[in-house]
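Here the structure comes first, spelled out in structure tokens, and everything after it is commentary.
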Amino acid sequence: MPDHILQTTGVMNGSARHFDEALDNWQQSYLSAMPFPAALITFNNKKPIVLFCNQLFTDIASEPKAANLSPWEGDTSVNLHPELVAALKYAPVSQDKPYQFDWMPPGSQKRRCYKITVTMMPCQTHGMTCYLMVPVDNTQAAELRSTMRMKILRDSLTGLPNRIGFSRLLDDVIALEKGTKGTAAVAVIAIDLIRFSRINESMGSVVGDELLVSVARRLASVLRPGDRLGRIGGDQFGILLSLNLGTSDVWHAARRIKALMSTPFNLANLKVKVNCAIGFSLMDERIEVSEDLLRDAQIALKHAKETDHVEVYNVGEASVLQKRFSLETDLRRAIENGDLHLVYQPILSPYNKRVVGFEALARWNHEQLGPVSPVEFIPVAEESGLIVPLGRWALESSVRTQQQWDKQVGYTLPMRVAVNVSALQLMRDNLMQVITDIKNQTGMNGERLTLELTESALMRYPEQSVSVINTMHELGIKISMDDFGTGYSSLSYLKTFPIDHLKIDRSFVANLAEDKTAVAITRAIISMASTLSIKTIVEGIETLEQRKIIMDLGCDYAQGFYFSRPLPADEAIAFYLASNKN
């Protein structure tokens, strides 16, 4: 305390009461002189009591009935707002660490936000431990945080919760249900606009944005009290649906959505009809976080886009996808490191078993999993786009293998090796350039190579397929249509595509001995191909009886386990030499 205070108080008079009064007056004067709100408080049975404060503090922290405050007088206390009392009641203030919290005074139209700091004072007043409480107006920072939070959680175009905001809603539901018995009666519906990108590209992004806003309004109209709508992707919306009547609520909602979307939208003076795909997932005991439930709905949505039906998530699909993603990562590494290899299955005459060529087939021995079936890794490669580098590798490897065989026997072998080309490689890759590069690097003769294009690839990209086939023929490469008869009614297309070989799918061969229909279809295919000067290859021959049937039907070539399994390169050349020695 300053000396002039001591000289005018109990030190001169010898009166403790006069000293305390002077101390109180000094403390009150000190607080009143502060240019910011401040109060000196203490606690009685954990209840905060204001000892002294200034008018700025009074205007902020007191209840209206206590607008005019006075210094502490015995048992007189200041009435703080109840919310402020509750916040202070268990304030963990220590001598080393102040306590801070946010507080908004109730009642005002434009509510202010204060950051309140409570600090223990080094001295006591009237034998009580005192604390200095200072509110600092933090409204601008709080409004900025609120604005930023809104931007983070809201979609700026539609005003709906974005994926993060929608996930927060799901998290709240999951957290609420974790403390209750059973599982939450909720579902997540994922909705995707079919061919939205075409509208966006052809009519412009402004029209595309208008469509998204219109769709959001329509979807909002089907919501019931408690349901929530969000935009979870570029052209994807999500609905958090309460299940009052079980899963039937989801199917009813899906029908309402489909009906709403069937009405054309008026965009840029045009009526545009937009279809949608719908998939949904149900809350169950597996769900730990919102992303699990949302991911499940989007997995179902992916199936819905393929089937054109409303689809529900099936338990276990996520683990399958996780396995496929892990397999994709390992496959990418295997291609880069050269960990795959080719095996060669003979293609031969069923009449004299002389080998006319081989089909090159990719094989993968995984470090941990062992041999991985092509049935597993080829679909992964196609879905991820790895089929392009995989196809390039197969082409180059098969050519180099043939060069090694020629070197081994000392002359150019009169046979071809067939390499599969996927639909994705046909569409994305420049096969002409790829093969030209391989030819320049290896000196390959095109007459040693056959490209196998699946029926589905040829039908899906007919113009591009014809162009590729004609270009390959110029290089001396032959074209084989693989898996014929499995995907399309494509007999009329045989005159369109200038193919050299037609491979009849093994599904026809499996029942040749028992199914007269399969025999009739196979005979018709072979007969028509012969008329068009197309050689036929029958796949999947596994028995002597099947071999006899295809010979009776006039098939040109065959392959299958009856003749030989796929062989490593050294065994394949040995098989060729043994089969063609006469």
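Quick note: the coordinates plus some simple rules give every number you see, no bench work behind them. Here the structure is a predicted model, which means the values were calculated and not measured. For neighbour counting, all protein chains shown are included, and Cβ atoms are generated from backbone atoms with ideal geometry for every residue, glycine included.
Quick rundown of the values:
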| quantity | calculated |
| --- | --- |
| Restraint check, 353/439; 503/548; 151/302, Cα-Cα greater than 20 Å | 353/439; 151/302 |
| Separation of the residue 336 and residue 442 label points, Cα + 7 Å toward Cβ, nm | 2.5 |
| Qualifying chymotrypsin sites (Phe, Trp or Tyr not before Pro) for region 226-276 [loop in DSSP, other Cβ within 10 Å: at most 16] | none |
| Residues residue 120 and residue 352, FRET efficiency given R0 of 60 Å [Cβ-Cβ distance, rounded to 0.05] | 0.05 |
| Local net charge near residue 89, Cβ-Cβ under 12 Å (Lys/Arg +1, Asp/Glu -1) | +1 |
| The chain - mean residue ellipticity at 222 nm from DSSP helices (-39,500 (n - 2.57) per run, n ≥ 4, rounded to 500) | -14000 deg cm²/dmol |
| Beta bridges by DSSP in the chain, antiparallel share as percent, to the nearest 5 | 70 |
| With at most 16 other Cβ atoms within 10 Å, longest stretch of the chain clear of loop trypsin sites (Lys or Arg not before Pro) (DSSP) | 355-580 |
| Rounded to 10°, Cα long-axis angle of helix 431-442 versus longest principal axis of the chain | 70 |
| Approximate spin-label separation residue 474-residue 143, in nm, with each point projected 7 Å along Cα-to-Cβ | 7.0 |
| Rounded tilt (10° steps) of 290-307 against the dominant C-alpha axis of the chain | 30 |
| Förster radius 22 Å - calculated FRET efficiency between residue 248 and residue 194 (Cβ-Cβ, nearest 0.05) | 0.30 |
| Residue-span extension gain [residue 511 to residue 551] - 0.36 nm each, minus C-alpha spacing | 12.8 nm |
| Principal-axis tilt of helix 462-474 within the chain, Cα atoms, nearest 10 degrees | 50 |
| Extreme residue, positive dipole direction of region 324-577, given options 530, 462, 449 (C-beta unit charges) | 530 |
| Stretchable slack from residue 205 to residue 97, in nm (0.36 nm times residue separation minus alpha-carbon distance) | 33.4 nm |
| Two-site FRET efficiency, residue 524 against residue 565, from Cβ-Cβ distance with R₀ of 25 Å, rounded to 0.05 | 0.25 |
| Charge tally in the Cβ shell below 12 Å around residue 506, where Lys, Arg are +1 and Asp, Glu are -1, residue 506 excluded | -4 |
| With at most 10 other Cβ atoms within 10 Å, longest stretch of the chain clear of loop GluC sites (Glu not before Pro) (DSSP) | 74-284 |
